[in-house]
Amino acid sequence: MTQSPNSSITTNGVCVQAKAHYLAEESDPDAPFFLFVYRISISNESDQAIKLMTRHWIIRDAYNEREDVQGSGVVGDFPVLAPGESYEYTSTCPLRTRWGTMEGSYQFEVCDSGEPFEVAIGRFFLVPASKVTELSTEG
């Protein structure tokens, strides 16, 4: 199984794509402090307008230590997506280990009815580019 810094998953008509990369210039392995940036793209492939309400991230480091991050909206925004529309944002994740993973979910609501529904965020790896090949060969 390849440990990819990318993921793409569609749940309830909403596609969530993630792409991550390591910020070597802002990291300090001696501290240890490793900073990653990730870009999320959310596409509404359903036939209803929807609004993102909350997020829940599950972040694991190389020691399998888990951190849950929950909150309202994303990067201070509550995007409303009509059918066919997309929304992108960029954020960062600090780790105390050289690699880790992120996955989670968004809580949306249908604009017309207020009905809530959950959308998965597929697991992606936070890993320096040189580690992608090394991790994918481990068995």
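Coordinate-derived values only; no laboratory data. Note that the structure is a prediction, hence the values are computed from the model and not measured. No Cβ is skipped: glycine too gets one built from the backbone with ideal geometry, and neighbour counts run over all protein chains shown.
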Requested in this report: Give me the distance in nm between label points sitting 7 Å out from Cα along the Cα-to-Cβ direction at Ala129 and Tyr89, one decimal.
Outcome: 2.7 nm
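Where in the range 5-84 are there chymotrypsin sites (Phe, Trp or Tyr not before Pro) that are in a DSSP coil and have at most 10 other Cβ atoms within 10 angstrom of their Cβ? Present the calculation step by step, with values, prior to reporting the outcome.
Details: sites: Tyr22, Phe33, Phe34, Phe36, Tyr38, Trp57, Tyr63; in loops: Tyr63.
Of the chymotrypsin sites (Phe, Trp or Tyr not before Pro), the ones in loops of the range 5-84 whose Cβ has at most 10 other Cβ atoms within 10 Å are Tyr63.
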Query - Backbone N within the range 49-86 under 12 Å of label point (7 Å from Ser41 Cα along the Cβ vector) - result: 86
Requested in this report: Positive end of the charge dipole of the chain (Lys, Arg +1 and Asp, Glu -1 on Cβ, about the Cα centre): tell me which of Ser43, Ala18, Phe124 has its Cα farthest that way.
Outcome: Phe124
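Starting from the alpha-carbon convex hull of the chain, give the projected area averaged over all orientations, in nm². Show your work: numbers first, answer last.
Details: hull surface 34.8 nm².
So the Cα hull casts an average projection of 8.7 nm².
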Requested in this report: Go ahead and estimate [θ] at 222 nm for the chain from helices alone: -39,500 (n - 2.57) per DSSP H run with n ≥ 4, summed, over the residue count, rounded to 500.
Outcome: -1500 deg cm²/dmol
Query raised in the report: For the pair Asn6 and Asn64, what calculated FRET efficiency results from E = 1/(1 + (r/R0)^6), where r is the Cβ-Cβ distance and R0 = 22 Å, to the nearest 0.05?
Result: 0.55
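Which number do you get for Rg(Cα) / (2.2 N^0.38 Å) in the range 33-88?
Normalised Rg, Cα atoms only: 1.40.
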